[in-house]
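Worksheet: the structure to be examined is printed underneath.
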Number of protein chains: 2
Amino acid sequence: MSEESPSQGPRVRAVPPGDDRERLLCPDCGYVAYQNPLIVVGSVVTWPGDGEDRILLCRRAIEPRKGYWTLPAGFMEEHETTQAGAMREAWEEARARIAIDALLAVYDIPRISQVQLIFRARLTAPEFSAGPESLDVALFRWDEIPWGELAFPTVHWALREHHARIGQTAFAPAVNPTPDALARWETML
Amino acid sequence: MSEESPSQGPRVRAVPPGDDRERLLCPDCGYVAYQNPLIVVGSVVTWPGDGEDRILLCRRAIEPRKGYWTLPAGFMEEHETTQAGAMREAWEEARARIAIDALLAVYDIPRISQVQLIFRARLTAPEFSAGPESLDVALFRWDEIPWGELAFPTVHWALREHHARIGQTAFAPAVNPTPDALARWETML
């Protein structure tokens, strides 16, 4: 899933017969490697706490953004549903069992051809620990979230959208924030 | 995007070092072809009509399900957003310009590793015609929809979910129907 062309395998760009755009072809064996956007599935996971729900975050043990905090999320695999993928990621990264409640956000990241589906979910038991891709996993109050040490913009966005929907049961999922929303959130840091 | 392994290129299944599942490898050149779920983007497109909005459907000119009616929809391409992809498909299949209004449904089809994002949209002008992948494009009243000649189950599902949300402005997107909903819809045919 590197953005660089591999030194072998499909590595030449050309328009296959009947197609309307360049695809990646292997000059050795003729294979056409269709490249398609990748789906990331993840969740904002909560557990009830004194006064307010706590939010589960994972500190990344791997690049990119090693050492920074993120939501349990990752690439959807074949032959799973989006919700099953988000549950698998919560297990792999945080050894957490979750129940999914709603689709919180759909983020488009066309630069890297990625679509992120972020769910709202609850821990089904107050048990979690760092999986192989995490250095640490912890529950945070809203005012304890390490805003300056979040791994990716979409983690920040999803946390804000989650906070704005506390107590709401049926809502349209968030999309990429407007410049106005980004500017407003910036002043809150 | 065939489900069969090609006769050349990546075609051997094995677990790469550091991975936790089988991937498709090319025994000739060593390339690892990660296979990921594909995103289909499409829309239920309407145009105001006497008494009720009309719904745009396309009759497929290509297999699978050639001759059957479908929504304008197709595989999302790299470096586009989900909404831009749905707009592109409306143009390619129906020569229609659309404005997207809301995310209507997210359908998981794990058997074929597909996620469908279906939007609610409006024609921006009452102009459309069959693109190269369509035999015909037409606007239908609800009671004119060719229910017995729809191309795919998700077309049927999305039309039902659209109809159930007429007049609603903010709603959670539909997911795969429950067995109860499927049984209820069956009795309506």
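So here's what we get for this one:
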| quantity | calculated |
| --- | --- |
| Neighbourhood charge, 9 Å Cβ-Cβ cut-off, centred on B:Trp47 and excluding it, Lys, Arg +1 and Asp, Glu -1 | +1 |
| Heavy atoms of B:Phe152 accessible to a 1.4 Å probe, total area in Å² rounded to 10 | 70 |
| Hz values of 3J(HN,Hα) by residue in segment A:23-34 - Karplus curve (6.51, -1.76, 1.60), Gly and Pro given as x | 10, 8, 10, 8, x, 7, 10, x, 4, 9, 9, 5 |
| Percent of alpha-carbon pairs separated by more than 19 Å within segment A:1-92 | 61 |
| Alpha-carbon centroids, segment A:116-189 and segment B:157-189: separation in whole Å | 30 |
| Per DSSP, loop GluC sites (Glu not before Pro) in segment B:103-171 with at most 12 further Cβ within 10 Å | B:Glu127 |
| For chain A, share of DSSP beta bridges that run antiparallel, in % to the nearest 5 | 70 |
| Neighbour-limited loop hits for GluC sites (Glu not before Pro), segment B:37-119 (at most 16 other Cβ within 10 Å; DSSP other than H, G, I, E, B) | B:Glu52, B:Glu78 |
| Candidates per trypsin sites (Lys or Arg not before Pro) in segment A:104-157, loop by DSSP, up to 13 other Cβ within 10 Å | A:Arg141 |
| Reduced Cα scattering model of segment B:105-189, Debye log10 I(q)/I(0), q = 0.16, 0.20 Å⁻¹ | -0.80, -1.22 |
| Rg in Å to one decimal, and Dmax rounded to a whole Å, for segment B:83-127 via C-alpha atoms | 12.0, 37 |
| Simple Cβ-charge dipole of chain B, Lys/Arg +1 and Asp/Glu -1, about Cα centre, in debye nearest 20 | 100 |
| Antiparallel DSSP beta bridges within the protein assembly as shown, as percent of all bridges there, nearest 5 | 70 |
| For q = 0.21, 0.22 Å⁻¹, Debye-computed log10 I/I(0) when each Cα of segment A:14-66 counts as one equal scatterer | -0.89, -0.92 |
| Segment A:89-112-segment B:9-26 distance, computed between alpha-carbon centres (Å) | 25 |
| Theoretical ellipticity at 222 nm over the protein assembly as shown - DSSP helices of four or more residues, -39500 (n - 2.57) apiece, nearest 500 | -5500 deg cm²/dmol |
| Interchain or long-range residues, amide H under 5 Å from B:Ile98's placed H | B:Thr124 |
| Members of segment A:107-153 that become less accessible by 10 Å² or more once partner protein chains are added (1.4 angstrom probe, chain alone as reference) | A:Asp108, A:Pro110, A:Arg111, A:Ser113, A:Val115, A:Leu117 |
| Cα-only radius of gyration and Dmax that characterise segment B:1-158, units Å | 18.5, 63 |
| Interface size A-B, as summed buried accessible area [1.4 Å probe, Å², nearest 100] | 3500 |
| Across the identical copies, how the B:Asp19 labels are spaced - nm, sorted shortest first, 7 Å along Cα→Cβ | 2.1 |
| Acute angle (nearest 10 degrees) that the helix A:153-164 long axis makes with the longest principal axis of chain A, alpha-carbon atoms | 40 |
| Using distinct alpha-carbon pairs, which all enter the 1/r mean, Kirkwood radius of segment A:59-142 in Å | 13.6 |
| Cβ neighbours within 10 Å from other chains - mean over B:36-47 | 3 |
| Using alpha-carbon coordinates, inclination of helix B:179-188 to the longest axis of chain B, degrees | 40 |
| Column: log10 I(q)/I(0), Debye, Cα scatterers of the protein assembly as shown, q = 0.06, 0.07, 0.09, 0.13 Å⁻¹ | -0.26, -0.35, -0.59, -1.17 |
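The values are calculated or read from the model by the stated rules, or taken from the named source; none is laboratory data. This one's a predicted model, so the numbers in the text were calculated from it and none came from an experiment. Every residue, glycine among them, receives a Cβ derived from its backbone with ideal geometry; neighbour counts consider all protein chains shown. We work out accessible area using only protein heavy atoms, side chains counted, and drop any ligands, DNA or RNA first. Shrake-Rupley method; radii C 1.70, N 1.55, O 1.52, S 1.80 Å.
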